[in-house]
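Trainee: First, the structure itself, so that you have it in front of you.
The values are calculated or read from the model by the stated rules, or taken from the named source; none is laboratory data. Please read all numbers here as calculations on a predicted model, not as lab measurements. Heads up, the Cβs are rebuilt from the backbone with ideal geometry, glycines too, and the neighbour counts pull from every protein chain shown. To get the accessible areas, we keep the full protein, side chains included, count just its heavy atoms, and leave off ligands, DNA and RNA. Shrake-Rupley method; radii C 1.70, N 1.55, O 1.52, S 1.80 Å.
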Amino acid sequence: MRPTNLDDASLLELVQRQTFRYFWEFCHQPTGLARDRSNDSPKALNAVTLGGSGFGVMAVIVAVERGWITRAQGIGHLLKVTKFLLIAHSFHGILPHRLDGETGRPIHFDRKDDGGDLVETAYLLAGLICARRYFDRESVQERELRALISKLWVEAEWNWHTRGGLSVLYWHWSPNHGWSMNFEIGGWNECLIAYVLAASSPRYAIDADAYHRGWAEGRNFRNGRTYYGIELPLGPDYGGPLFFSHYSFLGLDPRGLKDRYADYWVQNVNHTLIHREHCARNPNGFKGYGENCWGLTASDGPSGYEAFAPDKDFGVIAPTAALSSMPYAPEYAMAALRHFYENMGKRLWRKYGFVDAFCEAQDWYAKSHLAIDQGPIIIMIENYRSGLLWRLFMSCPDIQNGLRRLGFESPHLA
């Protein structure tokens, strides 16, 4: 049974709490880390995902703050997570995209993807940095947790991923294949957080030159064009999938965050409004689209997992896209939430919250939940409600030093 006639605050609380079950009840219990997706084969359920686990760490913080679990339960869970991570395989302190929860060995997507993944590690460490700030008491357990997180943070060799001092970060390195995947991290996408953390490292920081010449000079970085009457400072046409405005900003507070390239609050708000306007106008005539049914991002679809956007639109709406945009367009996101819950709940609402995506044009509704889509729902709703994760992450002195090194302005740096 779905509770009905809920006010906005109660509905937001329900959605956050139900979605948290993915990271609490469905996590890989021996390690506490997040499973990649709920519809994997039984064998694949032993795989844990590092970026999604970083989102899960943030979700645990929210759960403690909201009273869904006790502080002691949260600490115990995160001690299990960090102790496993410290014995798992890493590569110059950088962890893989996925690990085997029994052996700690990498599970790779193809032959060469068997080493460190800088971006997934960034998502993980952003969550752990928030936990180190939140669990700040002087009990034995909380001191131990902070020490374990600090070890993971300090030992990550961000500057290794400049390939000896090149002015750009590289996504992957493997002890078997070196830099052969050759994937530069540049242009506007979901990876800003990797540069911020790399500049913030107390031991292995990158030079600011890598940010300015690698990231900010990448393809599709600057935009400045107008879509549906809304100007977009950065990114590809129409801004790309909405996770570009979510993943880096789960901890990184975009309110008042500026550098020589953009005002990041304006960037994320306008990106969100372009997506909402696209679905409201519905130029492709897809069934179900409208002012209250919007949100295109990377998600499952009828043909598999794809990165959907206004210029790559196949009729697939992902609830996480609108719900994780709650801070940027709260009126529109709340209207979408009520539509998903009240009008479509029989199809979309499940044990772990909303299913990953749906396509009314093909009468298709996902049976899956994905860690990287469920996590931002909890976190960004919380940032809308209280600013909790933004406040924790931005209060870290290392992060403040890194932002200054890169030339950022923020109220948190005043």
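Trainee: In region 237-283, how many residues are in a loop (DSSP other than H, G, I, E, B) and in contact with a strand residue (DSSP E or B) (Cβ under 9 Å, 6 or more places away or on another chain)?
Mentor: Total meeting the criteria: 9.
Trainee: Among the residues of region 284-302, which ones are within 22 Å of I372 (Cα to Cα), in a loop (DSSP other than H, G, I, E, B) and in contact with a Phe, Trp or Tyr (Cβ under 8 Å, 6 or more places away or on another chain)?
Mentor: W294, L296, T297, G301, P302 - these are the residues of region 284-302 that are within 22 Å of I372 (Cα to Cα), in a loop (DSSP other than H, G, I, E, B) and in contact with a Phe, Trp or Tyr (Cβ under 8 Å, 6 or more places away or on another chain).
Trainee: Is region 140-162 home to any residue that is more than 26 Å from L389 (Cα to Cα), open to solvent by less than 40 Å² (accessible area, probe 1.4 Å) and among the hydroxyl-bearing types (S, T, Y)?
Mentor: yes
Trainee: Continuing with the same structure: Do you know which residues across region 377-403 are part of a helix (DSSP H, G or I) and open to solvent by 10 Å² or more (accessible area, probe 1.4 Å)?
Mentor: Answer for region 377-403, where residues must be part of a helix (DSSP H, G or I) and open to solvent by 10 Å² or more (accessible area, probe 1.4 Å): Y384, R385, R391, L392, P397, D398, Q400, N401.
Trainee: In addition: Which of the residues belonging to region 167-184 are closer than 30 Å to G224 by Cα and out of contact with any helix residue (DSSP H, G or I) (no Cβ under 6 Å at 6 or more places or on another chain)?
Mentor: Scanning region 167-184 gives N182, F183, E184.
Trainee: Tell me yes or no: at least one residue of region 310-328 is in a strand (DSSP E or B), under 15 Å from I274 (Cα atoms) and not hydrophobic (A, V, I, L, M, F, W, C).
Mentor: Within region 310-328, one or more residues are in a strand (DSSP E or B), under 15 Å from I274 (Cα atoms) and not hydrophobic (A, V, I, L, M, F, W, C).
Trainee: Answer yes if at least one residue in region 7-15 is open to solvent by less than 10 Å² (accessible area, probe 1.4 Å) and farther than 19 Å from G353 by Cα, and no otherwise.
Mentor: No, region 7-15 contains no residue that is open to solvent by less than 10 Å² (accessible area, probe 1.4 Å) and farther than 19 Å from G353 by Cα.
Trainee: Let me ask another. Run I372 past the list (1) over 19 Å from S325 (Cβ atoms); (2) open to solvent by 10 Å² or more (accessible area, probe 1.4 Å); (3) of a type in the set (A, V, I, L, M) and report the number of the one that doesn't hold.
Mentor: Answer for I372: the failing condition is (1).
Trainee: Looking at A262 and the list (1) under 30 Å from P411 (Cβ atoms); (2) under 17 Å from the mean Cα position of the chain (by Cα), which single condition is not satisfied?
Mentor: If we test A262 against (1) under 30 Å from P411 (Cβ atoms); (2) under 17 Å from the mean Cα position of the chain (by Cα), just (2) comes out false.
Trainee: Ok, one more. Output the number of residues of region 341-353 satisfying the condition of being farther than 12 Å from I381 by Cβ, touching a helix residue (DSSP H, G or I) at 6+ places or on another chain (Cβ under 9 Å), touching a residue at least 40 places away in the same chain (Cβ under 8 Å) and open to solvent by less than 10 Å² (accessible area, probe 1.4 Å).
Mentor: Total meeting the criteria: 1.
Trainee: Mind counting the residues in region 344-359 that are part of a strand (DSSP E or B) and more than 21 Å from the chain's Cα centre (by Cα)?
Mentor: Looking only at that region, the number is 3.
Trainee: R213 passes all but one of (1) open to solvent by 40 Å² or more (accessible area, probe 1.4 Å); (2) without any contact (Cβ under 8 Å) to a residue 12 or more places away in the chain; which number fails?
Mentor: Every condition holds for R213 apart from (2).
Trainee: Taking the residues in region 354-363 that are open to solvent by 10 Å² or more (accessible area, probe 1.4 Å) and touching a Gly at 6+ places or on another chain (Cβ under 9 Å) as candidates, determine which candidate is farthest from W294 (Cα to Cα).
Mentor: Q362
Trainee: Which residues, counting only those in region 90-138, are touching a residue at least 24 places away in the same chain (Cβ under 8 Å), open to solvent by 30 Å² or more (accessible area, probe 1.4 Å), more than 20 Å from the chain's Cα centre (by Cα) and under 18 Å from K80 (Cβ atoms)?
Mentor: S90, D100, E102
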